[in-house]
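Below is one structure, written out as structure tokens, with a few remarks after it.
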Amino acid sequence: MAVQPGRSCRLAARAISSPCTDASGCPSKGGIMALWKRANIYFVDITAPDGSRIRHTTGTSDREKAKEYHDKLKAQLWDLTRLKQKPKRTWDEAALRWLKEKAHKKSYRDDVQRIRWFTARLRGKTLDQIDRELIDRIVTKQIQASDRTKDLYVALIRAIFRRAMREWEWIATIPAFKTYSKGGKVRVRWITKEQAERLLRELPEHQREVVVFALATGLRQGNVLDLTWDRVDQARRIATVEHGDTKNGDALGVPLNDLAMAVLSRERGKHETSVFTYRGKPLRSANTRAWRKALATCGITAFRWHDLRHTWASWLRQNDVPTWVLQELGGWKSESMVRRYAHMSVKHLQPYADQLNFVPQAELSAEGQKSAEAHVTKSPTRGTPGGLRLVVSNS
């Protein structure tokens with residue numbers, strides 16, 4: 001039978017002041033209660049001590065169980081109001097609120113994927129039931145990946161709990177969740193120019209252009225794919241990533257070298273607004289099956305699309321580009337993020353290394369000593385004879 005509009009609301013309102021009925025429709029022995037029945041399920045409708053209204057299902061068709069739930073709920077509400085106790089919140093509530101408040105994040109899709117993974121294992125648990133031991137057991141047994149990947153999952157849990165304590169005031173303390181990466185070192189994976197050449201030969205044309213542009217500019221995948229012609233000034237050889245589109249939130253000017261300019265010249269005219277396209281439409285993803293197949297064919301393992309950015313930075317450092325210049329080119333706010341590439345160029349340290357001249361005279365023949373001294377004097381960065389000189393002698 002069709003339900004008339006508004007009928008459920010009238011039933012709820014009548015239930016507040018009407019005797020609770022059992023399955024036969026007769027008044028229950030409990031007298032007037034804030035219980036009502038619909039579709040053979042009892043619902044509770046009560047007013048909390050703070051004046052808020054609570055209306056939801058008891059989840060049972062048994063009147064006695066529904067009454068017991070009603071009484072416990074009223075007692076709990078009294079405790080929460082009068083004794084200033086915090087209600088126990090579930091993981092599901094925390095996850096939902098986090099996703100609502102963080103919808104603007106650039107890594108929102110990653111959050112959604114990881115929250116889904118955790119929800120399959122934490123559904124229904126209250127936040128006070130989730131501790132270090134539980135998360136460590138779940139992560140250790142079920143994430144078969146690097147310690148860095150494990151830390152990314154745990155970092156999300158840690159962030160949600162921190163917000164639950166500091167912003168939402170749902171909990172009083174945060175568990176000391178485990179960190180798996182030793183020393184917190186950031187992963188740096190790059191390929192040689194020879195490997196890059198082989199990879200490009202295996203890629204379809206539209207993806208080849210995207211990869212070349214990434215290697216030429218160091219831009220992240222999203223910034224490359226979202227690039228539009230109105231943000232490219234070919235006369236001044238510069239591309240602009242607008243405020244809010246970078247990871248750190250600041251606008252970024254990207255100087256375009258000859259390699260990048262050649263890519264833009266080949267792409268010009270294919271689409272009115274988007275730079276990179278496929279079959280006449282803007283390219284939406286570069287981490288595709290063709291990309292993964294090309295990597296496998298070339299024998300390049302453990303390499304992500306983002307590692308093209310690491311490759312760009314590594315090549316520049318190997319060509320002695322200073323770290324401060326690299327930081328500005330890549331749009332990093334923190335110098336510590338650029339220091340990961342520092343070991344790839346030590347040319348600026350060579351003059352200081354040459355200040356140490358050591359000739360073990362006791363172990364060299366006269367001819368060998370002359371040869372060693374000749375080798376030392378050939379250093380292009382060696383200073384005047386006033387530098388530090390160590391001489392080992394048996395006398």
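The values are calculated or read from the model by the stated rules, or taken from the named source; none is laboratory data. This is a predicted model, so every value here is computed, not measured. Virtual Cβ from ideal backbone geometry, glycine too; neighbours counted across all protein chains shown. These accessible areas exclude ligands, DNA and RNA; they are computed on the full protein's heavy atoms, side chains included. Shrake-Rupley method; radii C 1.70, N 1.55, O 1.52, S 1.80 Å.
Annotations
- Number of positions in the stretch 262-283 that are open to solvent by 70 Å² or more (accessible area, probe 1.4 Å), touching a strand residue (DSSP E or B) at 6+ places or on another chain (Cβ under 7 Å) and either within 25 Å of R148 (Cα to Cα) or in contact (Cβ under 8 Å) with a residue 60 or more places away in the chain (or both): 0
- Restricted to the stretch 212-301, the set of helices (runs of 4 or more DSSP H) holding at least 1 residues that are more than 27 Å from E328 (Cβ to Cβ) comprises 258-267, 289-298.
- Every condition in (1) modelled with pLDDT under 90; (2) open to solvent by 40 Å² or more (accessible area, probe 1.4 Å); (3) small (G, A, S) is met by S345 except one, and the failing one is (2).
- When the stretch 162-190 is limited to residues that are in a helix (DSSP H, G or I) and free of Cβ contacts under 8 Å to residues at least 60 places away in the same chain, the one that is surrounded by the most Cβ atoms within 10 Å (Cβ to Cβ) turns out to be M165.
- Within the stretch 197-226, the only residue that satisfies the criterion of being of a type in the set (G, A, S) and either surrounded by fewer than 16 Cβ atoms within 10 Å (Cβ to Cβ) or more than 26 Å from the chain's Cα centre (by Cα) (or both) is G222.
- Flag if K86 is among the basic types (K, R), out of contact with any Gly (no Cβ under 8 Å at 6 or more places or on another chain) and within 19 Å of W170 (Cα to Cα): yes
- Pairing each residue of the stretch 118-143 that is under 9 Å from W91 (Cβ atoms) with any residue that is open to solvent by 80 Å² or more (accessible area, probe 1.4 Å) and not in a helix (DSSP H, G or I), provided the two are 6+ apart or on different chains, yields C-beta distances under 8 Å for T126/K88; L127/K88.
- When the stretch 85-106 is filtered for residues that are among the polar types (S, T, N, Q) and either surrounded by 13 or more Cβ atoms within 10 Å (Cβ to Cβ) or touching a residue at least 12 places away in the same chain (Cβ under 8 Å) (or both), only T90 remains.
- A286 open to solvent by less than 70 Å² (accessible area, probe 1.4 Å), under 15 Å from P204 (Cα atoms) and not β-branched (V, I, T): yes
- Summed over the stretch 291-300, the residues that are surrounded by 12 or more Cβ atoms within 10 Å (Cβ to Cβ) and small (G, A, S) give a count of 1.
- Residue in the stretch 301-309 that is out of contact with any helix residue (DSSP H, G or I) (no Cβ under 7 Å at 6 or more places or on another chain), at pLDDT below 90 and either open to solvent by less than 40 Å² (accessible area, probe 1.4 Å) or aromatic (F, W, Y) (or both) present: no
- Some residue of the stretch 350-358 being among the acidic types (D, E) and open to solvent by less than 20 Å² (accessible area, probe 1.4 Å): no
For every residue, the table says whether it meets (1) in contact (Cβ under 8 Å) with a residue 24 or more places away in the chain; (2) in contact with a Ser or Thr (Cβ under 8 Å, 6 or more places away or on another chain); (3) polar (S, T, N, Q).
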{"position": "S314", "(1), (2), (3)": "yes, no, yes"}
{"position": "V321", "(1), (2), (3)": "yes, yes, no"}
{"position": "G330", "(1), (2), (3)": "yes, no, no"}
{"position": "K333", "(1), (2), (3)": "yes, no, no"}
{"position": "M337", "(1), (2), (3)": "yes, no, no"}
{"position": "R340", "(1), (2), (3)": "yes, no, no"}
{"position": "H343", "(1), (2), (3)": "no, no, no"}
{"position": "H348", "(1), (2), (3)": "yes, no, no"}
{"position": "N357", "(1), (2), (3)": "yes, no, yes"}
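- If the condition is being open to solvent by 30 Å² or more (accessible area, probe 1.4 Å), of a type outside the set (G, A, S) and in a loop (DSSP other than H, G, I, E, B), then the stretch 107-152 contributes R123, K125, D131, Q144.
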